Amino acid sequence: MRAAILYGPEDLRVEDVPDPDGEVIVDVLAATTCGTDVKMWRHGHPVLPPYPCAFGHETAGRRADDGTPVLVSDSVACGRCEPCTAGRPQICRDRAWVLGGFAEQIAAPAAALHSIPGALPPAAAAMAEPLAAAIHAITRGSDAEDVGVLGGGPMGLMLASLLVAQGRSVTLADHHPERRAQAAEIGAHASGRLERHSLVFEAVGRPEAWRQAVDSALPGGVVVLVGGCPRGTEVSLPPGPIHYDELELRGSFHHSREEVDDALETLAAGTVDWELLRGETISLEQLPAALASARGGPARKWVVDPGRR
């Protein structure tokens, strides 16, 4: 089969490789890109196996054995560690990662598979993985009606969509006018910079954005840090607001199996307009150029069709 294989930073090659071997084989129909894929391509990532390796973690297709449409989750929690037994599989200590969606087929454990509801297209179903992380992030917040979202990439727009659907007043800040226009399209207020809000979601993943999120929270507010900073980064935050204003800083990472199923149902119901984030459908050979172009402009997720030539 054909697969996109990473040989090192910015060294991505499409090759004929042996067919995968595993519990369930899935024919990949769509694999969407995200910021993590760009990081993996540019710099590597802690969850990647040694080079050369397959990658891609937002994957939808059909089981090769019976044709059932499925989403392949990017991980399976162990179910045994302390966080798992405490009901927090999102921070499992011994997670099994399931990567390799940028290929014609992927092998996955049955526990990673999710049935796709109704007639949800594969490209939409693949976006359930990041949407599940957004759903989890909102549970890490509060019930505040006045919400700020810092960052208008796909994650920020997914957060804003979910919050608007809950009837909250949402302001999304991003310095790209195209992304502010997307925010307005989903019913959020759009701005170049956040004012102060009772609940703030940071969805950029840079130290300066973490600091800006803290600066944008009202006294007694909650800040949810969704964007992951690069490895080795140290973030300096002002102690005054955290101490004297009793700000709560909460991390948010990943998702549970139930949150993935919730994301699929949310997409099927049309609560989140996945078409707003849909970029061009591309082949495996076009993937390197697509990852290299992921800078600014509208928030888009490229849809990789491995069967496209």
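The values are calculated or read from the model by the stated rules, or taken from the named source; none is laboratory data. Predicted model, so just to flag it, every value in this text is computed and none were measured. Positions of Cβ are generated from backbone atoms using ideal geometry, with glycine treated the same way; all protein chains shown enter the neighbour counts. Calculation scope for accessible area: heavy atoms of the full protein, side chains included, ligands and nucleic acids excluded. Shrake-Rupley method; radii C 1.70, N 1.55, O 1.52, S 1.80 Å.
A few points about this structure:
- Solvent exposure of the stretch 131-177 amounts to 30 Å² per residue of accessible area, where only protein heavy atoms count and the probe is 1.4 Å.
- Cα centroid separation, the stretch 6-36 to the stretch 207-235 (Å): 33 Å
- Gain on full stretching of the segment that runs from ALA289 to THR139 - 0.36 nm per residue minus C-alpha separation: 50.4 nm
- Alpha carbon convex hull of the stretch 210-309, volume per residue in cubic angstrom: 179 Å³
- Note: relative contact order over the chain, using C-alpha pairs below 8 Å and six or more positions apart, is 19 percent.
- Close amide H pairs (under 5 Å, H built 1.01 Å from N) link GLY279 with LYS301, TRP302, VAL303, residues at least 5 positions away or on another chain.
- Computed E for GLU82/THR233 - FRET, C-beta separation, R0 30 angstrom, nearest 0.05: 0.70
- Share of carbon and sulfur in the accessible heavy-atom surface of the stretch 16-168 [1.4 Å probe, %]: 51 percent
- At an R0 of 22 angstrom, the distance between the Cβ atoms of GLU258 and GLN166 translates into a FRET efficiency of 0.75.
- 3J(HN,Hα) along the stretch 5-17: 10, 8, 9, x, x, 6, 10, 10, 10, 8, 9, 7, 10 Hz, from the Karplus curve 6.51 cos²θ - 1.76 cosθ + 1.60 with θ = phi - 60°, whole Hz, x for Gly and Pro.
- Three-way shape call for the stretch 1-86 based on the alpha-carbon gyration tensor, with the a/c threshold at 1.5: oblate
- Net charge contributed by nearby residues that have their C-beta within less than 11 Å of GLU259 (K/R +1, D/E -1): -4
- Residues in the stretch 85-125 that a label on ARG250 would reach, taking backbone N under 19 Å of a point 7 Å out along Cα→Cβ: 86-92
- Computed log10 I(q)/I(0) for the chain at 0.16 Å⁻¹: -1.37, from the Debye equation with unit scatterers placed on every C-alpha and solvent omitted.
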